[in-house]
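The block underneath contains the structure these notes are about, expressed in structure tokens.
The values are calculated or read from the model by the stated rules, or taken from the named source; none is laboratory data. Keep in mind the model is a prediction, meaning the values are calculated, not measured. Here the Cβ is made from the backbone with ideal geometry for all residues, glycine too, and neighbour counts use every protein chain on show. The area values use the complete protein model at the heavy-atom level, side chains included, leaving out ligands, DNA and RNA. Shrake-Rupley method; radii C 1.70, N 1.55, O 1.52, S 1.80 Å.
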Amino acid sequence: MIKAIIFDLDNTLMDFMKMKSMSVDAAINGMIEAGLNIDRKQSKEKIYDIYDEKGYEYQEVFDDFLLELKVTSSSYHKYLAAAIVSYRKIKDATMVLYPNVNSTLITLSKLGFKIGVLTDAPSREAWIRLYSLSMHHLFDEVVTLEDTGKRKPSSEPFIKISDLLEISPEEILMVGDWPERDVIGAKKLNMKTAFAKYGDMFKTIDSGADYDLNDISEIIDIVKKENMQ
């Protein structure tokens, strides 16, 4: 019996990587327009190398990028400001939900399921996204990185949200785009799992999940099927 559905946030509810890519492009264009002589493609690769090393929530990425370029101190803050302002403008404009997210969450809530978010994003950034997308009121519980200090697939975040929802892990369906974190972590506690194939960035062939989703709305039929067994 499924009584709750918990969702990863980035690339499961919202298209995080599209937002990130377009925002980085804008930041690079901003620096070029401010007078910095850089190659767009090479610059994006360098910025993503920094993200890969320090995490996609790293806030000083453009500081590090400019330091690597050995930009003179007299121009450093001009280019940094151009990057940050350009990035933020596009970030706000490109923060969008995947199709059918709102309608699916509302339907699940009306059917009596508890709904939660379990994300590795820092609390501040996670809540900013939820408020920006007008989703903050749709969830019974939200667990972020700071709530346990552990990232998925550690069991601690999954146990935390299970305890907050007051529902046993065996009665929860976990939905996420990253099998090595979302699926493996959930299965440790015998949660049912659904792989957000529509948000997959790694061309996953075998997710290991109980269900693969081409569209988030498929969850509705899945929970109905599970609860008929």
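To the nearest 20 Debye, how big is the dipole of the chain about its Cα centre, given +1 on the beta carbon of each Lys and Arg and -1 on that of each Asp and Glu? Mind dumping the intermediate values first?
Details: 29 positive and 38 negative charges, 84 e Å.
I would put it at about 400 debye.
In 10 Å bins starting at 0, how do the alpha-carbon pair distances of region 1-120 split up by percent?
P(r) over region 1-120, rounded to whole percents: 12, 37, 24, 15, 9, 3, 0.
Determine the shape class of region 101-180: with a ≥ b ≥ c the square roots of the Cα gyration tensor eigenvalues, call it rounded for a/c under 1.5, and otherwise prolate if a/b is greater than b/c, oblate otherwise.
On the way: a/c = 1.70, a/b = 1.13, b/c = 1.50.
Here region 101-180 falls in the oblate category.
Which of the peptides 116-124, 132-140 is most tightly packed, and how do the rest follow, judged by the mean count of other Cβ atoms within 10 Å per residue?
Working: 116-124: 20.3, 132-140: 14.9.
Highest-to-lowest ranking by the protection proxy: 116-124, 132-140.
According to a simple spin-label model (label point 7 Å from Cα along Cα-to-Cβ), what is the distance in nm between GLU166 and TYR58?
The answer from the label model is 4.3 nm.
Determine, from the Cβ-Cβ distance of GLU180 and ASP92 and an R0 of 25 Å, the FRET efficiency 1/(1 + (r/R0)^6), rounded to the nearest 0.05. If you can, show how the numbers build up before the last one.
Working: r = 30 Å, r/R0 = 1.21.
Once rounded, the FRET efficiency stands at 0.25.
Calculate I(q)/I(0) for the chain by the Debye formula, one identical point scatterer on each C-alpha and no solvent, and give its log10 at q = 0.09, 0.10, 0.14 Å⁻¹ to two decimals.
Taking Cα atoms of the chain as identical point scatterers yields -0.41, -0.50, -0.87.
Sticking to Cα atoms, compute the Rg of region 1-65 to one decimal and its Dmax as the biggest Cα-Cα distance, whole number, in Å.
Reported Rg and Dmax, both Å: 15.8, 60.
May I ask you to work out the translational diffusion coefficient for region 161-225 at 20 °C, viscosity 1.002 mPa s, via Stokes-Einstein with Rh from the Kirkwood sum over Cα pairs, reported in whole µm²/s?
On the way: Rh = 12.0 Å.
Rounded, D is 178 µm²/s.
Can you tell me the length gained on complete extension of the stretch ASP221 to THR107, counting 0.36 nm per residue apart and subtracting the Cα distance?
On the way: separation 114, 0.36 × 114 = 41.04 nm, distance 1.11 nm.
This chain segment gains 39.9 nm when fully extended.
From the protein chains alone at 1.4 Å, what is the descending order of accessible area for GLU57, GLU33, GLU156, GLU226, largest first?
Values: GLU57 45, GLU33 160, GLU156 90, GLU226 20 Å².
I get GLU33, GLU156, GLU57, GLU226, largest accessible area first.
Mind scanning LYS110/LYS150; LYS91/LYS188; LYS18/LYS54; LYS44/LYS114; LYS187/LYS225; LYS78/LYS150 and naming the pairs with a C-alpha gap bigger than 30 Å? The partial results should precede the final answer.
Numbers: LYS110/LYS150 32 Å; LYS91/LYS188 35 Å; LYS18/LYS54 19 Å; LYS44/LYS114 40 Å; LYS187/LYS225 19 Å; LYS78/LYS150 37 Å.
Going by Cα-Cα distance, LYS110/LYS150; LYS91/LYS188; LYS44/LYS114; LYS78/LYS150 fall outside the 30 Å limit.
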